[in-house]
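K.L.:
One structure follows; several queries about it will come next.
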Amino acid sequence: MRILEKLQEISQLRLELDKETDRGCALLGVSYLDEELKELIQSYLVQNNTIQKKIFDNNGGLATLSSKIDIAFLLGLISKETYNDLNYIRKIRNEFAHSKYSIDFNNKEVSKIIKNLKSHYRDSSESSRKIFISTIYGILSKINILKDKVENIKERKEDATKEQQLKDSMAQHRANIKNYHELLIQVHKDSPNKEELIRKEMMDYIKDVQEASVKVLKTVEKTTPPNNV
């Protein structure tokens, strides 16, 4: 899903949060945030589903929101401000999830934590609920912009790796042809009767390299976008 589609999805979430009770708003918002943070981290990691499933599921090292926040910060994926706000939001979620009583955003402890939030565009005089929802929305927007950038970087790295592999392959082919040529010169001196055989092998090899190069170039032309895209 591209960035604009994802931002539309986040906007829809905001409408859903507006319909929820305070407890539902806190739990749903943070649950969605947890999943998006997971996807951001996954987009940065090697794509091995078995290992990723092991570390993100159940008792894995990155199963909790707290661990995801820490690793995202240590990988340089989120700023210190976002790191702090995510931890404040996690604490707010815990207040709602673990309270034996019905509480809302006007709860003294919840309001105190919300005053520390930075990733929103609300005036500090507005309600704690509005500031909380705005912060969720702000962080989700940041995460998805970052996710899009990480995916673009990975694509460029993959393209660069393929290009280097092609260069290495062509260099090896040139070295092999040179070796054939040197062998041909040596055979011409020492065993003239084998010269034609070596020459034929060299020409067959060159033909194979040429055919392989044509296939590679056709593939590159198909996968390389035009300059005006």
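The values are calculated or read from the model by the stated rules, or taken from the named source; none is laboratory data. Everything numeric here is computed off the predicted structure, so don't read it as measured data. In this analysis, Cβ positions are derived from the backbone assuming ideal geometry, glycine residues included, and neighbour counts consider all displayed protein chains.
K.L.:
Give the stretch 58-117 a look and list any residue that's part of a loop (DSSP other than H, G, I, E, B), among the small types (Gly, Ala, Ser) and over 23 Å from the mean Cα position of the chain (by Cα), or say none.
P.N.:
Residues satisfying the conditions are Ser99, Ser102.
K.L.:
Let me ask you something else. Does Val46 satisfy the criteria of being in the same structural domain as Ser141 (by TED's automatic domain parsing), surrounded by fewer than 14 Cβ atoms within 10 Å (Cβ to Cβ) and either farther than 22 Å from Ser128 by Cβ or not charged (D, E, K, R) (or both)?
P.N.:
yes
K.L.:
Moving on to the next point. Being small (Gly, Ala, Ser) and touching a residue at least 60 places away in the same chain (Cβ under 8 Å) is the filter here, so list the residues in the stretch 80-125 that pass it.
P.N.:
Correct list: Ala97, Ser102.
K.L.:
Which ones in the stretch 98-112 are crowded, with 19+ Cβ neighbours inside 10 Å and either of a type in the set (Phe, Trp, Tyr) or within 24 Å of Lys38 (Cα to Cα) (or both)?
P.N.:
Selection gives Phe105 alone.
K.L.:
Follow-up. Taking interchain pairs and intrachain pairs at least six residues apart, which have beta carbon atoms under 7 angstrom, with the first residue in the stretch 10-24 and within 15 Å of Ile131 (Cα to Cα) and the second of a type in the set (Asp, Glu)?
P.N.:
Asp22/Asp104
K.L.:
Also, quick follow-up: Go through (1) loosely packed, with under 14 Cβ neighbours inside 10 Å; (2) part of a helix (DSSP H, G or I); (3) of a type in the set (A, V, I, L, M, F, W, C) for Leu37 and report which single condition fails.
P.N.:
Here Leu37 clears every test but (1).
K.L.:
Now for a separate question. Give me a count of the residues in the stretch 116-134 that are closer than 18 Å to Leu86 by Cβ and surrounded by 11 or more Cβ atoms within 10 Å (Cβ to Cβ).
P.N.:
11
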